Amino acid sequence: MAEIKKFLRKHKICPVCTVKKLAAATQIHIDGADRFYNGTALTPPMGWASWNLFRNHINENLIEDIAAAMQKSGLADCGYQYVNIDDCWMSSTRDADGRLQGDLGTFPHGIKALAEKVNALGLKLGIYTSNGTLTCEDLPSSLYHERTDAETFAEWGIEYFKYDFCHNIPIPTNAPEISTVTITKQGCHEGITLHAEEAELRGDAILLTDEKMAGTGRYVSGLEAGRGSMYFNNVDIDEDGTYALTLCLHKTGLKDKYLEIEINDTDVYTLTEPGTKGFTPDGRNQITVKLKAGKNSFKFHNPVASKMDSAAKQYRKMGKELQRATKLVAEREGREEKPICFSICEWGWNKPWIWGHTAGNLWRTTPDIKPIWLSIIGIYERTVLLYKHAGVGNWNDPDMLEVGNGNLTDDENRAHFSLWCMLAAPLILGNDLRKFIRADGSVDTDNKVLKIISNKAAIAVNQDPRGIQCRRVKTNAVTDVLVKPLENKEIAVCLLNKGPVEAEVSFNISDIIKEAFVDLPKAGEYEAFDIWEEKEFRIRNSYKTKLRPHSVGLYRIKAI
Ligand code: GLA
C-alpha cells in the first residue's frame, strides 16, 4: 500500500489530492481571534476620496482645495476628516532609493508637503496603492515592497491607506520538495546538514527518492496547501546569531512554489521558488535566519491552500507593516504615533468579511460603485447580509459615496446616504466639495447635497459608538424595513422603497422588539424623530407611511 502511494505521489498521480484541493479552495487558515486594532476607525471612518468623480485627473492644488472646502463648508465639524488621494498620484518611477514618489508634474511639492498642508487645516491625508505589482491604472504598487512603502507613508504622515487588488499575484499553493537543509554560520564554511530521511513528517508529507539527484536522492514531497509538514527538532546550535539556511531542492513542475519556515515556533520566514526551467534535477534556495544557542526547532510547510488564504495573508502582511512603520517613525522622530487607518479594497472576491477584521479596519464588500440607483441598491443588497462581520474598529465597506454625483435625484442621494449610515459604512464622500463654497467665499448652505451629507442626526446613526450594523427585519420585493440598535437603548429605523413607483411601508414596534438583537425597552409610547423631515412625533405601536420611488424614511426612536 505504502509503495503504491509512493508511486502515485512520485508520478504526480493523486486523485485524493485533487478532491482535497477542491475542498480547500474555500477554506481559510487564519486565526479569526487575531483582530486588527490600531486605535483608528472606532466608528466608521469619514472623509473624502478623489476617485469617484476625478479619476486620474488629480493634482496637488485640487487636493488642497478639496481639503479647504471640507473645512470651510462645515463638513469637518460634522466629523469628516480624511482627504484621500486615490489612484494616479504616483510617478511611474520609484526614486533612487526604491521609494514611491508623487507624480513629478502633478504633485511637484511631494506628498509629505501636501500632508502638512492638509494637517494644518486639522485634517488627515490618505493615500492609495494596490496589493499587486501595479495599481488599477497601471502605476507602481506595493506587492513585494510592503516594508519600504509602509515606511514611506508613515514618514509622509499619511493616516489612511487604501490597498486595492489589481495586478495581484496570489501566493502559490504548491511547495518545493526538500532534500537537505544546511545551516551555516555566516563567515564559516562548516555547516550542519539535515537530511530529508531524518525529518519528522506529518500529514501528507512523504519521503521519496530520485536517483538522478546527488547524495542519497531522498527528498520530502507533500508540503503544499496546508496538507503536510516537515520538522527538524532539537537541532544544536553553538551560539546566537544569523545563519544561512540553504535548502537543497528536488526540482519539479512548472508552477511557482512557496514555503514557510517556522523557527522555534515564533519566527516565520518565507521563500518562493520559481517553476523549474533548469537542466539539473536539484537546485538550491537560500535565506538568512536568526537562531539561538542550544536546541532549535524547524517546521517547513506551505499553509496557503486557497486564493482566500493568499489574499488574507497578503493584506495581513501590509496591515502589520503599517503598524510597524508608524511606531518606528514615531520613535525615530520623537513624535506621537500617527496610526494609519487601513482600507482593504479587494472587491469582496475572497470573502474579506471573514478575514478582513484580522488584517485591517475596513474591507470592500463588492466591485466598484457607480452613481446609478441600480448599482447602489445592488451593493446594499450584498452588504446588508453581512451584518455580523462589522463592529467597532473593523467595518464592511460598500464603497465610497456617490451622493452628489451623476444624475442621482435628491431622493436617491438621501436614500444612498441613509443606507450607508444604517450599514455602519465608512462615509467617504466622492463628490466635488468645492461646489459648496460660493465665489465670494461664503458657504452655500442651501446646497441640497451639502444638506444631506451634513445632516448631523443621520451621521449620528452612522457614528453610533456601539458600532452595530443594521439588519433587515421585514421585506417584500420592493420595500425593506431596517433596524440599527443605538446607544441608550434607542434604535434607528429606515424604511426603503427600492421601486420606481410610490409604495406604502409599515412596521410594528412590537415586532421589532421581538428581535433578539434589539434592546429597545417595551413601552406604552415611543418618541420618534424623522431625520430628513426634522420632525418629532409619537408612535404607540404601528407606523405606516407612503414613500416616493427610490426613497427612504429615516427615524430615531426611543421609549418614553
Ligand atoms: C479600483 C477600486 C476603485 C478605485 C480604482 C482606482 O477599481 O475598486 O475604488 O480605487 O481601482 O484605479
(request) Find the centroid of the Cα atoms in region 422-448 and in region 486-529, then give the distance between the two in whole Å. (result) 29
(message) Can you give me the solvent accessible area of residue 341 with a 1.4 Å probe, rounded to the nearest 10 Å²?
(response) 0
(request) Please compute P(r) over all alpha-carbon pairs of region 172-303, binned at 10 Å starting from zero, and give each bin as a whole-number percent. (result) 13, 47, 34, 7
(request) Enter the mean projected area of the convex hull around the alpha-carbon atoms of region 401-560, in nm², rounded to one decimal. (result) 9.8
(request) Add +1 for every Lys or Arg and -1 for every Asp or Glu among the other residues with Cβ under 10 Å from the Cβ of residue 537, and state the total. (result) -2
(message) Can you find, among 125, 89, 78, the residue sitting farthest towards the positive end of the charge dipole of region 60-138, where Lys and Arg contribute +1 and Asp and Glu -1 at Cβ?
(response) 78
(request) Choose one of 217, 503, 113: the residue whose Cα lies farthest towards the positive end of the charge dipole of the chain (beta-carbon charges +1 Lys, Arg; -1 Asp, Glu; about the Cα centre). (result) 503
(request) Kindly report the accessible area of the chain per residue (heavy atoms of protein chains, probe 1.4 Å, no ligands, DNA or RNA), in Å². (result) 44
(request) Please work out how much accessible surface residue 498 shows to a 1.4 Å probe, ignoring ligands, DNA and RNA, in Å² rounded to 10. (result) 30
(request) Show 545, 366 ordered by accessible area, largest first, where the area counts protein heavy atoms only and the probe is 1.4 Å. (result) 545, 366
(message) Please compute, for the alpha-carbon atoms of region 471-559, the extent along each of the three principal axes and give them in descending order in Å.
(response) 36, 27, 20
(message) Kirkwood hydrodynamic radius, computed over distinct alpha-carbon pairs, for region 108-162: how many Å, to one decimal?
(response) 11.8
(message) Below 13 angstrom from the Cβ of residue 421, what's the summed charge of the other residues (Lys, Arg +1; Asp, Glu -1)?
(response) +3
(request) Heavy atoms only, probe 1.4 Å: what % of the accessible area of the chain goes to carbon and sulfur, would you let me know? (result) 51
(request) Go ahead and estimate [θ] at 222 nm for the chain from helices alone: -39,500 (n - 2.57) per DSSP H run with n ≥ 4, summed, over the residue count, rounded to 500. (result) -7000 deg cm²/dmol
(request) Rounded to the nearest 0.05, what FRET efficiency do residue 270 and residue 446 give with R0 = 56 Å and r taken as the Cβ-Cβ distance? Could you check? (result) 0.45
(request) Give the distance, in whole Å, between the Cα centre of region 39-53 and the Cα centre of region 98-162. (result) 16
(message) I need the Debye-formula profile for region 298-354: one equal scatterer per C-alpha, no solvent, reported as log10 I(q)/I(0) at q = 0.15, 0.21, 0.24 1/Å, two decimals.
(response) -0.60, -0.83, -0.93
(request) Provide the gained length on full extension for the span residue 560 to residue 200, in nm with one decimal, where the gain is 0.36 nm per separating residue minus the Cα-Cα distance. (result) 122.8 nm
(request) Work through the residues other than residue 58 whose Cβ is under 10 Å from its Cβ and net out their charges, Lys, Arg +1 and Asp, Glu -1. (result) -3
(message) Using the Cα centre of the chain as the reference point, and only Cβ charges (+1 on K/R, -1 on D/E), how large is the resulting charge dipole? Debye, rounded to the nearest 20.
(response) 1460
(request) Could you pull out every one of the aspartates and glutamates with an alpha carbon less than 16 Å from that of residue 474, ignoring same-chain neighbours closer than 8 positions? (result) 381, 504, 511, 515
(request) Please report the orientation-averaged projected area of the chain, defined via the convex hull of its C-alpha atoms, in nm². (result) 31.4
(request) Please give the solvent-accessible surface of residue 556 in Å², to the nearest 10, using a probe radius of 1.4 Å with every protein chain present. (result) 60
(message) Roughly how far apart, in whole Å, are the Cα centres of region 384-399 and region 531-560?
(response) 25
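The values are calculated or read from the model by the stated rules, or taken from the named source; none is laboratory data. Quantities reported herein were computed from a predicted structural model and do not represent experimental measurements. For neighbour counting, all protein chains shown are included, and Cβ atoms are generated from backbone atoms with ideal geometry for every residue, glycine included. Note: accessible area is taken over every heavy atom of the protein model, side chains too, but ligands, DNA and RNA are not part of it. Shrake-Rupley method; radii C 1.70, N 1.55, O 1.52, S 1.80 Å.
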